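*Asks:* Below: one structure in structure tokens.
Computed from the coordinates by the stated procedures, all read-outs in this text should not be read as laboratory data. All of these numbers come straight from a predicted model, not from anything done at the bench. Because the Cβ atoms are built from the backbone with ideal geometry, glycine has one as well, and the counts that use them run over all protein chains shown.
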């Protein structure tokens with residue numbers, strides 16, 4: 001009876017290679033490769049040898065940053081964007097999107113009600129019809145444009161959105177702990193990309209804490 005030759009293990013700089021010695025082993029490795037391609041594994045010591053722990057897709061395990069844009073190929077990323085159609089109610093007014101709220105601040109009370117129903121490129125476009133003055137007024141309060149108080153209004157709107165709109169909340173939470181950034185073709189002077197991204201990540205952290213969500217790949221490394 002022919003004795004089976006064990007699979008060879010070779011170590012090179014930065015790599016551990018598994019070299020199949022039989023057709024059966026080749027088939028096993030082929031199956032593993034197909035099922036686990038683009039996944040990250042952590043080498044861990046066991047009593048009988050070593051094990052490879054699946055930490056998940058490369059983007060998740062390595063915390064690859066995500067650019068949040070409405071024009072993203074991912075529908076879930078578009079929902080996170082301020083332009084996404086994510087109806088919510090704030091201070092007794094229903095808005096079709098966060099962008100509708102934000103752009104409406106440039107206008108008077110009558111126009112704000114109409115703008116509140118917009119989302120997507122329409123909401124963005126309407127804002128170009130009116131330039132910012134030094135201050136906007138909301139709920140009777142005068143707020144300097146581009147100030148922390150102005151940004152707090154954005155955070156308030158986003159918090160209402162992600163609390164009330166479950167699909168948007170799900171999309172935000174599915175980004176895990178990956179860094180978010182906002183880099184459109186032309187950045188906003190009133191609320192720069194880093195400020196906007198920080199708002200999304202702050203809200204995400206709040207929701208994760210409330211729901212007691214942990215990161216699976218980090219748990220596996222403990």
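*Asks:* How do the peptides 30-38, 168-176 rank, highest first, by the average count of neighbouring beta carbon atoms within 10 Å per residue?
*Replies:* Highest-to-lowest ranking by the protection proxy: 168-176, 30-38.
*Asks:* With r as the distance between the Cβ atoms of residue 62 and residue 117 and R0 = 45 Å, compute the FRET efficiency 1/(1 + (r/R0)^6) and round to 0.05.
*Replies:* 0.65
*Asks:* Taking the mean number of other Cβ atoms within 10 Å as a proxy for protection, how do you rank 67-75, 81-89 from highest to lowest?
*Replies:* Listed from highest to lowest mean packing, they are 81-89, 67-75.
*Asks:* Additional query: Give me the one-decimal nm value for the distance between modelled label points at residue 166 and residue 75, 7 Å along each residue's Cα-to-Cβ direction.
*Replies:* With each label point 7 Å from Cα toward Cβ, the separation is 1.6 nm.
*Asks:* Right, next: What distance in nm separates the simple spin-label points at residue 183 and residue 51, each placed 7 Å from Cα in the Cβ direction?
*Replies:* It works out to 3.9 nm between the two label points.
*Asks:* For a protection proxy built on the mean count of beta-carbon atoms within 10 angstrom, sort 133-140, 204-211 highest first, please.
*Replies:* 204-211, 133-140
*Asks:* For the chain, what proportion of DSSP beta bridges, expressed in % and rounded to the nearest 5, is antiparallel?
*Replies:* Restricted to the chain, the bridges split so that about 90 percent are antiparallel.
*Asks:* Right, next: Only counting other Cβ atoms within 10 Å, I'd like 151, 102 sorted with the fewest neighbours first.
*Replies:* Placing the least packed residue first, the sequence is 151, 102.
*Asks:* What FRET efficiency would be calculated for the residue pair residue 10, residue 42, taking the C-beta separation as r and a Förster radius of 22 Å, to the nearest 0.05?
*Replies:* The pair residue 10/residue 42 has a calculated efficiency of 0.65.
*Asks:* Now for a separate question. Determine the calculated [θ] at 222 nm for the chain from helices alone, applying -39500 (n - 2.57) to every DSSP H run no shorter than 4 residues and normalising by the residue count; nearest 500 deg cm²/dmol.
*Replies:* Helix-only estimate at 222 nm: -12500 deg cm²/dmol.
*Asks:* Report the full-extension gain for the segment residue 30 to residue 207: residue separation times 0.36 nm, less the Cα-Cα distance, to one decimal in nm.
*Replies:* Here the segment from residue 30 to residue 207 would lengthen by 59.7 nm.
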